[in-house]
Amino acid sequence: MRRWWVGVAVAAIALGARAAEAQRSVRFGVNMSFASDDRNFGLGARVNVDLEQVARWKNFEGVGSFDYFFPSSKGQPIDVNYWELNANGLYKITSVKGSVLPYVGSGLNVAHGSGPALGYGGGSTELGLNLLGGVRFKINNARITPFA
């Protein structure tokens, strides 16, 4: 396990050094999340790194995000803390022309929940796999990029 963390740290430092060279390729933002189970609604922060600028990988992008969810049960808040940390790689599909820009990707997810409503006070942390797809909406001269 310790080797894994060392590898992650070395990779982060290497990407950080390359990101410093291509500062315009790193974007920060906020996002809202919706889950179809009792976790419902979440707010979070994200960072997008254009890997074409940083690592010369054409049409690839790295996305890291942290989301804090506000769980409820049948519309009533419950006493649970739940958050997710995600690291994803995206492939931008460039063959489609227009203002809707599709992408696909995958990555890792770390989810943590705690609270008496879950049946355990100490909490539980799980590792998962993300498979994703979506679209970005290109808006000329806009400082934000909506996506779904």
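Throughout, read-outs are computed from the coordinates displayed, never taken from laboratory work. These numbers come from a predicted model, not from an experiment. Cβ: placed from backbone, ideal geometry, glycine included. Neighbour counts: every protein chain shown.
So which trypsin sites (Lys or Arg not before Pro) in region 80-148 pass both tests, a DSSP loop state and at most 13 other Cβ atoms within 10 Å of the Cβ? Numbers along the way, then the final one.
Numbers: sites: 92, 97, 136, 138, 143; in loops: 97, 138, 143.
Those that pass, being in a loop and sparsely packed, are 97, 138, 143.
Note down the net charge around residue 97, summing +1 for each Lys or Arg and -1 for each Asp or Glu among other residues with Cβ under 15 Å from its Cβ. Working shown, then result.
Working: positive: 92, 136, 138; negative: none.
Around residue 97, the charge tally is +3.
Inter-label distance, residue 95 to residue 34: 3.1 nm, where each label sits 7 Å from its Cα along the C-beta direction.
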